[in-house]
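Here is the structure we will look at, set down as structure tokens.
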Amino acid sequence: MSVSRRLFWLVIIGCLLIIVIDGCRLTRAAWLTYQSGLAGKQSLEQGWQLAKAGEWLPAQTAVQQAQQSFLAARDHSQILAKHWLLSRIGWYHQQTNSVYNLLKSAELACQTAVDVLAQAEQWQSNWPSGLTAASLENLTPSSTTQILSQMQGIQPLLLKTLANLHELESSLNQVNFAAGLTKLNAPVGELRQALQDGKALLAEHLPWLQLAPYLAGQVSDGRFLLILQNNDELRPTGGFIGNYGLLELHNGQVVNLEAHDSYHLDMPAQDYFKPAPPAELNKYLGVKQWFLRDANWSPDFPTTARQVRYFYQEQTKAINKTATAERIDGVIAITPAIVEDLLGLVGPITVEDQTYNQQNFVELLQYRVEMSYDNYGVTSWNRKAVINDVIRELEKRLLALPASRWTEVARIVTKNLERKNILLYSDNQAVQQWLVQQNWAGQARSADGDYLWVIDANLAAFKTDAVVDKQINYRLYQSDGQWLAELRLIYKHNGGFDWRTTRYQTYTRVYAPLGSQLISQAGYKDAATTTQELGKTVFGGFIVVEPKKTKEIKLVYRLSDSVVKLLEQNRYELLLQKQPGRQRTSLSLELNLPRSVQRAYSEQLPLNIKNSQVSGQSGWLEDSQVTVNF
């Protein structure tokens, strides 16, 4: 055999040895990747079972073992992914890159779980014993302090968890197995969905978690002014302020909760405190001075809250003849709907010989304080004292609820916040900013496109809003090259003249995009006025509806240039802001666009599309955002 031939076979044998050795190395790396990944899966499953059982420390240990296994598997998979020759093959590169990112995702998930389990173990160690079975009334001040202290530590964990979830999502998005391993894409898809569900769950609780340190500070020691608004006598932020109250907290516990007749503050101060009322209250209600009971004239609740607080502090100073005002950390306004929902949760309560439930609460209590108080030996001046008895009994029942039912209370509160039956204002800027972001502050909202906010203000019409059906019809259309809005307000009075109802009188303001111009009007007692307020154009006028009659108000106005500009970009947006306390209302929408609609969306308002027209109806229980592309 010639030298060249021998050299040829030596090269061939050498290459074969290299291939065999390299193949063994790759096979070993693949086997170790599989074994380490399997060990990680088993440890993670064990940790999950321990976590479900509340065994936080053993669960943390198991998940840490899983993390180490996944890390080892990822290191082994790198040998496969970075092969000098095979990594140049598209199919091979896709497979090994998917394996690497899947293991990286598993490692990140374990790290996140370890952090959460470590915090859970710390919370369990410091958590008041017996809390899960306790009720709020059994919590001691020291237990409450411990809970508030735990709340302070949430934010660092939250921020780290969010960062891990974003990185985890990025890694999972790079997992896409090719032919031969495509069956693995299905469980990976399930992991992606689970991650989305987890992010959605976190997003649901994110605002509360972000705010926890600030809330803990206010709940530990806070003094809040309560505004009880009766929406049967609708006013701009929810109803007539027939009663006000104080909520005082110390170490997270209620140390004082009381309500008072607003006239008990207004009447003694009338000779000392004499601010001029808004012109509309002076003209249509006939008042010469402005007091706390009428302080919610601005529909923007932050403005009203500051006004209410000012009146409370100044009137209190005038009555007590003091130079300093009492500290108020925030203002909470509620309408009876939240009380009705809470009665539905705790069941009927009996005060004196009256049993109040979710269905009869408002009418029965109104009759008690307006008509039958003398049957109980109570004077007209003290006729509302029974409200404190109702509050105390309801507070007692709520505090007695076991911890297992706190989530039901939270759902009721959240629903009523979204429906504006509860409005909140805080002096703490971080808290107030968060309330505005959540749309729980009752603020006048900004809108890039079209906007509608209808504000009724019952003026000397008793509790007649309880028997008036309101239909609000909004129509968008183009005429002679101009974009116009037609608004029809229909009031149907179903009541009569009695102790509770009378002719309906309301000063109604319509808030439209700034720059809107009134074209025509009909139905107001006097000609509607046009003003600017809260960054909007406002059309306002006085309306009178006799019992058993129907009154229609019609406004036609040219929309602002900002809305027209958006329409020229083949897009239309409409924010329908609900007035707090609004009831018995039906909202109808008709949008006539210049071309066929491609997409119309609203999370709150069911929409129908027919060629270039979008329509919809709702009970206007909450703010509604409509977006249309055409």
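The values are calculated or read from the model by the stated rules, or taken from the named source; none is laboratory data. Computed from a predicted structure; not experimentally measured. Cβ atoms come from the backbone with ideal geometry, glycine included; neighbour counts cover every protein chain shown. Accessible surface is based on the protein model in full, side chains and every heavy atom, while ligands, DNA and RNA are left aside. Shrake-Rupley method; radii C 1.70, N 1.55, O 1.52, S 1.80 Å.
Computing FRET efficiency as 1/(1 + (r/R0)^6) for GLN478 and ASN439, where r is the C-beta to C-beta distance and R0 is 25 Å, gives about 0.20. Run the count for the stretch 467-560, please: Lys pairs, Cα-Cα under 20 angstrom, 8 or more apart or on different chains. Close lysine pairs found across the stretch 467-560: 16. Against the main long axis of the alpha-carbon atoms of the chain, helix 154-172 sits at an angle near 50°.
Among the GluC sites (Glu not before Pro) within the stretch 528-630, those in coil by DSSP and having at most 13 neighbouring Cβ atoms inside 10 Å are GLU603.
Against the main long axis of the alpha-carbon atoms of the chain, helix 386-399 sits at an angle near 10°.
Can you flag which of LYS463/LYS578; LYS321/LYS384; LYS288/LYS317 are past 23 Å Cα-Cα? From the list (LYS463/LYS578; LYS321/LYS384; LYS288/LYS317), the Cα-Cα distance tops 23 Å for LYS321/LYS384. A Förster distance of 35 Å, applied to the separation of the beta-carbon atoms of SER588 and GLU45, puts the FRET efficiency at 0.05. Note on the stretch 318-470: semi-axes of the ellipsoid equivalent to its C-alpha gyration tensor, largest first and rounded to whole Å, are 29, 22, 21. For a straight C-alpha distance cut-off of 18 angstrom, the aspartates and glutamates reachable from LYS274 (same-chain residues fewer than eight places away being disregarded) are ASP266, ASP294, GLU314.
Note down the relative contact order for the chain as a percent, whole number, built from C-alpha pairs under 8 angstrom at least six residues apart.
That works out to 10 percent.
Treating each Cα of the stretch 439-554 as an identical point scatterer and summing with the Debye formula, the log10 of I(q)/I(0) at q = 0.09, 0.13, 0.19, 0.23 Å⁻¹ comes to -0.27, -0.56, -1.04, -1.31.
Over the chain, with the other protein chains present, what is the accessible area per residue in square angstrom, probe 1.4 angstrom?
48 Å²
Of all aspartates and glutamates in the structure, those lying under 14 Å Cα to Cα from LYS415, and not within fewer than 8 positions of it along the same chain, are GLU204, GLU340, ASP341, GLU622, ASP623.
Relative to the present Cα-Cα distance, how much length would full extension add between LYS183 and TYR376 at 0.36 nm per residue of separation?
Here the answer is 61.8 nm.
The alpha carbons of the chain give a radius of gyration and a Dmax of 32.9, 130 Å, in that order. Based on DSSP H segments of at least four residues, each scored -39500 (n - 2.57), the chain has a per-residue ellipticity at 222 nm of -15000 deg cm²/dmol. The apolar share of the surface of the stretch 363-462, taken as the fraction of accessible area on carbon and sulfur atoms (1.4 Å probe, ligands and nucleic acids excluded), comes to 50 percent. Between 0 and 90 degrees, the angle of helix 361-370 with respect to the longest Cα principal axis of the chain falls at about 30 degrees.
The packing ranking, built from the mean of other Cβ atoms within 10 Å per residue, places the peptides 262-268, 524-530 in the order 262-268, 524-530, highest first. Once the chain from THR350 to GLU121 is taken as fully extended at 0.36 nm per residue, the excess over their C-alpha distance is 78.1 nm.
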